Every structure is written in structure tokens, then in C-alpha cells.
1. Do you know which of the residues in region 371-387 that are in a helix (DSSP H, G or I) and touching a residue at least 24 places away in the same chain (Cβ under 8 Å) is farthest from residue 508 (Cα to Cα)?
2. Quickly run through region 258-269 and pick out the residues that are surrounded by 19 or more Cβ atoms within 10 Å (Cβ to Cβ) and either outside any helix (DSSP H, G or I) or basic (Lys, Arg) (or both).
3. State yes or no: is residue 576 touching a residue at least 60 places away in the same chain (Cβ under 8 Å), part of a strand (DSSP E or B) and either under 30 Å from residue 75 (Cα atoms) or aromatic (Phe, Trp, Tyr) (or both)?
4. Looking at region 224-231, can you tell me whether even one residue there is assigned to a helix (DSSP H, G or I), within 23 Å of residue 586 (Cβ to Cβ), among the polar types (S, T, N, Q) and within 10 Å of the chain's Cα centre (by Cα)?
5. So residue 139 passes all but one of these: (1) under 21 Å from residue 312 (Cα atoms); (2) free of Cβ contacts under 8 Å to residues at least 40 places away in the same chain. Which condition number does it fail?
6. Out of the residues in region 538-556 meeting the condition of being in contact (Cβ under 8 Å) with a residue 12 or more places away in the chain and among the polar types (S, T, N, Q), tell me which one is farthest from residue 160 (Cα to Cα).
7. Among the residues that make up region 137-155, is at least one of them assigned to a helix (DSSP H, G or I) and among the small types (Gly, Ala, Ser)?
8. What tally of residues in region 495-540 results from selecting those that are over 26 Å from the mean Cα position of the chain (by Cα), more than 17 Å from residue 600 (Cβ to Cβ) and small (Gly, Ala, Ser)?
Amino acid sequence: MIVELGHFALILAAAVSLVQAVVPLVGAHKGWRGWMAVAEPAASAQFLLTSVAFAALTYAFVVSDFSLRLVVLNSHTDKPMLYKISGVWGNHEGSMLLWVLILTLFGACAAWFGNGLPPALRARVLAVQSSISLAFFAFILFTSNPFTRLAVPPMNGQDLNPLLQDPGLAFHPPFLYLGYVGLSMAFSFAVAALIEGRIDAAWARWVRPWTLAAWVFLTIGIALGSWWAYYELGWGGFWFWDPVENASFMPWLVAAALLHSAIVVEKREALKSWTVLLAILAFGFSLIGTFIVRSGVITSVHAFANDPERGVFILAILAVFVGGALTLFAARAQAMEAKGVFSLVSRESALVLNNILLAVAAFVVFIGTIWPLVGEMLLDRKLSVGPPFFNMAFTPFFVALAAVLPIGAILPWKRAKLGRTMQPLWGVLALSIAAGALTFAVQTGRSALAPVGMVLFVWLVVGAGVDLFTRTGRGDWSSRLRRLSNLPRADWGKAVAHAGLGVTMFGIAALTAWQQEDIRVAQIGETFPVGAYEITLARVSQVDGPNYDSIQAEMRVFRDGREVATLYPEKRVYPVAAMPTTEAAIDGGILRDVYVVIGDPQQGGGWAVRTYIKPFANWIWAGSIIMALGGLLSLTDRRYRVAAGARKSAVSGAVAAE
């Protein structure tokens with residue numbers, strides 16, 4: 001009964017989305033307030049009905065209702081409760097329902113918190129958002145129905161993919177989808193403004209909080225996914241440039257560019273067309289990511305489905321929404337005339353350079369991701385684009401981006417003198433170069449990667465501090481420090497996010513340059529050196545889990561004769577899925593991780609053992625969390641709330657009327 005109720009709620013939500021997509025749009029065009037007012041209750045109803053459908057599917061997983069095909073394919077009675085719940089979105093159909101739930105949540109939030117928006121714009125935004133919902137409701141109901149019943153239910157299920165039976169599944173996909181789907185709001189604002197024919201500073205202020213929220217969620221989601229791959233897959237990497245990893249990274253890059261270009265629209269009424277284009281492309285890349293994951297055109301360990309019918313449907317959604325938005329963009333070109341002018345040396349120019357670097361970086365990732373598909377279609381050849389290409393092609397643009405960030409943050413608007421702007425940064429530059437030289441002098445080997453990472457780390461972190469301090473005006477140090485606490489939260493958020501980028505870049509550079517690896521066959525009781533540590537394989541034993549069998553090793557880690565950790569790596573086999581997994585054991589720290597993996601027993605005796613010493617590994621994810629905290633700090637700035645932009649627009653209109 002509950003499952004049928006969920007199915008019915010999903011169909012009803014699709015019907016409501018159709019009403020919301022049409023009626024408010026007609027009302028905004030005709031100026032009928034009653035029709036425009038339909039959007040708010042419809043958005044709330046749509047979210048409520050989708051929540052009922054999602055709750056019903058979750059209930060089916062929790063109680064192991066094997067009359068539901070999706071539960072049979074992705075659950076088992078012996079599976080721990082955490083994985084029964086997270087298993088709801090550990091598959092194609094359930095994850096799409098989560099996608100639509102988040103999509104309707106953002107639409108409902110625009111209805112609940114958008115009181116300051118002009119009624120016509122608000123109605124159009126909610127109508128565009130609902131049209132996206134309608135397309136995905138149709139996709140779910142016609143190609144990916146999670147409520148399909150079985151005529152003869154089996155006694156038990158086939159279990160969830162063992163790689164997904166991890167706490168990471170509970171957090172990584174929801175955050176990633178909050179970022180992916182959150183960019184639909186920027187898209188809806190862009191299309192609504194194009195329909196209305198008005199793009200101005202108030203519009204930029206309205207669109208920034210939604211974009212910032214999506215970027216924060218996407219940052220957290222990507223970081224969680226990277227961390228999950230690091231400790232779960234057993235190969236010790238944090239990023240493999242997998243197509244699906246790239247599918248989340250591309251919208252992150254475009255959203256970062258959109259955040260910076262919207263500042264120029266808000267402050268200077270310039271870059272209007274470019275900002276609207278970025279809003280369209282950001283969500284377009286999210287749809288491209290959905291297509292890559294669910295069409296089967298590109299092979300990936302992250303792929304959900306290999307059904308061409310689903311891929312064609314998503315491709316049609318991509319063509320309709322992105323193609324339609326770009327057509328409207330071309331038709332409304334005259335409404336996006338730039339008003340502000342600025343010199344070559346100015347903050348506007350620095351933000352333009354920032355956007356160019358981010359856009360080109362996203363384009364490089366896009367080309368590397370789709371090139372194997374293009375090669376197979378046009379050249380009939382199997383091509384592979386791996387990490388060497390991305391590392392060589394992508395890294396220079398991000399290094400250049402990091403180099404210009406502190407300078408661009410301090411440059412004045414409209415017109416600036418580079419020499420005057422650099423005065424507070426000369427000391428930072430000298431300190432950065434000195435830190436890089438010291439790193440090069442003390443490191444083993446001749447790689448320049450870690451020294452460059454150290455230079456950028458000091459340049460970004462200390463430069464962010466100098467940026468904040470220059471905003472305190474003049475006077476003695478004590479008064480300037482007092483004024484520092486009164487700076488707008490957006491300024492603090494920007495500085496924290498830039499510093500977080502520096503921390504992540506140094507973590508990546510240090511780990512890549514200084515990692516130590518040891519692969520060997522070790523006998524029980526044998527001690528072997530890895531870097532500054534000695535590792536002892538103390539014993540290997542059989543351990544039974546709730547729904548798996550495991551071979552667990554006890555490995556003791558010593559440094560200078562003192563035991564610093566005891567680690568328990570595992571080799572698990574899930575009998576239902578008949579699939580082995582590797583569970584790495586990690587002794588984490590601020591300066592390094594000791595990472596050990598137990599392999600298979602060898603014919604001559606002993607066990608295959610892989611050991612890594614990974615310097616500054618946790619700095620990668622710490623920097624990502626710092627970037628997200630910077631974004632959250634900016635979101636709390638009252639100037640970026642929707643109502644603030646609306647008040648500014650209303651006051652301007654009143655002055656013009658007088």
C-alpha cells in the first residue's frame with residue numbers, strides 16, 4: 001500500500017509540475033497576478049509529493065520489500081541498516097528520484113524565500129524550474145520507474161554493489177546532487193531574465209546566492225568522493241580523471257567562473273552576456289554529467305546504467321533546455337548591453353582573466369573526457385585519455401589562476417595602478433619564493449612540483465590575509481585589527497575560500513612529489529622498511545562480517561623503534577554479490593598518512609602487501625572543506641540575500657519614478 005502511495009504521489013507531482021510550468025508563465029506574460037500566484041503553492045506541493053514518493057521508496061528498502069524490483073536488485077536482508085537506507089540512491093532509479101527530490105526542493109526554496117523578487121520574475125523562475133522537473137519526472141516514469149513490482153517476489157535480494165556498502169554512499173551522492181541540481185536555479189534565473197528581457201545588477205545579486213550554495217555543495221560532494229575513493233578502492237589515489245569525476249569537476253569550474261563574473265555585473269553592469277552564458281553552461285555541464293553517468297557511452301566504475309534509451313532521453317533533455325536557452329540568449333542579445341567601462345588594469349580585468357582561465361580549464365577537461373567517444377564515433381578507434389594528458393594540459397591554467405588571485409582581489413574597480421596594488425604584496429611574494437626555495441633545498445630528488453606547490457600555498461594563504469588587512473583602512477595596528485572583525489562576511493568568505501584553494505594545491509603537489517610506495521610479498525612476522533617507518537606483518541586471520549567474509553591482517557607500524565600505530569587492512573568477499581573488495585587501513589595525520597593494503601596469499605608463502613607513505617594527504621580535503629566554509633561564510637552576508645537585491649531594485653525604481 002505504501003509503495004503504491006509513493007508511485008501515485010510521483011505521478012501527481014509530475015501533474016503539478018506541468019501546471020506550474022505553464023500557468024505562471026502565461027500569467028507573467030499577461031500580467032495576471034492570480035495565475036502568477038499559482039507558482040508558490042505548486043512548488044511547495046511538488047516538493048511535498050516528491051518527498052512522499054522518496055519516503056515510500058526508502059520504507060521499501062528498510063523493510064526489505066522484495067516485491068519491488070529495485071529492492072531485489074540492490075538490497076539484502078543481512079545488509080546493515082545504514083546501507084539499506086543509503087542503498088535507496090545507490091542505483092540508477094533511486095538516484096534519479098533523489099535528483100528530482102532535490103530539484104523540487106530548490107524550487108520550493110525559491111517560493112519560500114523569494115518574497116523580495118518582482119512577482120513576474122519570480123513566476124517565470126519557478127515556471128522554468130518546474131519545466132526542468134517535468135522533464136525529469138517524465139524520464140523517471142517512462143524509463144526509470146523505481147516502483148516497478150515483481151509478480152513473484154524472491155525470498156531475498158541480490159545485495160548492493162559491495163563497493164557502495166560504505167558510509168561514503170550516505171553523504172557523497174546527496175551533496176553532489178545538491179551541487180549539480182542547485183545550478184538549475186542559476187539556469188532558471190538566466191532563462192527567466194532572458195524571457196523578461198532584463199539583466200541588471202539586481203539580477204546578479206539574486207542569482208549569486210543560489211550559485212554560491214550550489215558551488216559549496218559541489219565542493220563538499222567532490223571532496224567526499226575523492227576521500228571515499230582514496231580509502232575505499234585500495235589504490236591510494238585521490239583523483240584519477242575518471243569521466244564521471246570530470247563530469248562533476250566541469251560544472252564546479254564553470255560555477256566558480258559564474259560566481260566571479262556575477263560580481264562584475266552587480267558592481268559595474270558589465271559582462272552581462274558572458275554571465276548569462278555561464279549560468280546556462282553551468283547547468284548544461286550538470287546535464288552532460290548526468291548523460292555520461294547514465295547512458296553507457298563512456299565506461300566508468302561510477303556509471304549507473306548502460307541503457308541507450310535512457311541516454312537518448314537525457315540527450316533530448318539536454319538539447320531542449322540548453323539549446324532553447326542558447327537560442328533565447330541569441331535573440332535577447334540587445335538586452336545585455338554592457339554599461340560599465342574599465343581599464344586594462346582593474347579588478348574587472350582581473351575577473352575577466354579569472355573567467356578565461358577557469359573556462360579554458362573546464363574546456364580542457366571536457367575535451368579530454370569526450371575525446372574517446374569522438375574518436376570511436378568518427379575514427380572507429382578505441383582511444384584512451386588518461387591522467388598524463390589532464391595533468392599536462394590542465395595544471396598550467398590552474399597555476400596561473402592561483403598566481404593572479406591575490407592581485408586581482410586587491411585591485412580597485414574601474415582603474416588601478418599595478419605598482420600601487422603590489423606594494424602590500426611584495427613581501428608576500430618574497431616570502432612565497434623563499435618558502436619554495438627552502439622546500440627545493442631540503443627535499444630529496446629534483447622535482448619542482450612540491451616547491452611550486454609551496455610557493456602557491458604561501459602566496460594564496462598569506463595573500464588572502466593581506467587582502468583582508470588592506471580593507472581596514474589606515475591607522476594604528478590595534479584599530480585596524482578591531483576593524484577587521486567588522487568587515488563584511490563576504491570579504492571574509494572570499495579570503496577563506498582562496499586560502500583553502502592554496503591548502504588543497506599544496507596537498508596535491510606534496511603528495512604527488514613526495515609519496516613513497518612499497519609493494520612486496522611479506523611473511524607473517526616479517527618487518528620491512530618503508531621510508532622512515534618499519535612495518536611488521538604480525539598476523540593474518542579470518543573475520544566474519546554481517547554480510548561478508550574477510551581476511552584481516554594485523555600490521556604494526558614503528559618509527560625509530562617506537563610503535564606508532566596498529567593497522568587492520570582487509571580483503572573482503574561478499575557471497576551474495578560474489579565480489580571481493582579491498583579495505584585499506586590508514587594511520588592518518590596532519591603531516592602524513594601511513595596507508596597499507598593486504599592482498600592475496602602467494603604460492604610460495606606470504607602475503608602481497610602494498611604500503612604507501614603519503615605526505616600531506618589530508619591537506620587536500622582540509623583545503624576543500626576550508627573552501628566550502630568560505631562559501632558558507634559568504635552566504636551569511638546579508639547583502640547577498642534575495643531581499644537585499646529586491647530592495648535595491650525597488651528603491652532605484654522609486655527614484656526613477658520621482
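1. Of all residues in region 371-387, those in a helix (DSSP H, G or I) come to 371-379, 387.
Right, trim to touching a residue at least 24 places away in the same chain (Cβ under 8 Å) and you get 372-373, 387.
Working: 372: 26, 373: 29, 387: 14 Å.
That would be 373.
2. 268
3. Working: touching a residue at least 60 places away in the same chain (Cβ under 8 Å): yes; part of a strand (DSSP E or B): no; either under 30 Å from residue 75 (Cα atoms) or aromatic (Phe, Trp, Tyr) (or both): yes.
For residue 576, the condition - touching a residue at least 60 places away in the same chain (Cβ under 8 Å), part of a strand (DSSP E or B) and either under 30 Å from residue 75 (Cα atoms) or aromatic (Phe, Trp, Tyr) (or both) - is not met.
4. The answer is no, given that none of the residues of region 224-231 is assigned to a helix (DSSP H, G or I), within 23 Å of residue 586 (Cβ to Cβ), among the polar types (S, T, N, Q) and within 10 Å of the chain's Cα centre (by Cα).
5. The failed condition is (2).
6. First, pick out the residues of region 538-556 that are in contact (Cβ under 8 Å) with a residue 12 or more places away in the chain: 538-541, 543, 545-556.
Now restrict to residues that are among the polar types (S, T, N, Q): 541, 547, 550, 552.
On the way: 541: 26, 547: 11, 550: 17, 552: 22 Å.
Filtering region 538-556 for residues that are in contact (Cβ under 8 Å) with a residue 12 or more places away in the chain and among the polar types (S, T, N, Q), the one farthest from residue 160 (Cα to Cα) comes out as 541.
7. Initial filter on region 137-155 (assigned to a helix (DSSP H, G or I)): 137-143.
Next cut, among the small types (Gly, Ala, Ser) only: 138.
For region 137-155, residues assigned to a helix (DSSP H, G or I) and among the small types (Gly, Ala, Ser): present.
8. Of the residues in that region, 4 qualify.
The values are calculated or read from the model by the stated rules, or taken from the named source; none is laboratory data. Given the structure is predicted, the values throughout are model-derived calculations rather than measurements. Neighbour counts run over all protein chains shown; Cβ positions are idealised from the backbone, glycine included.
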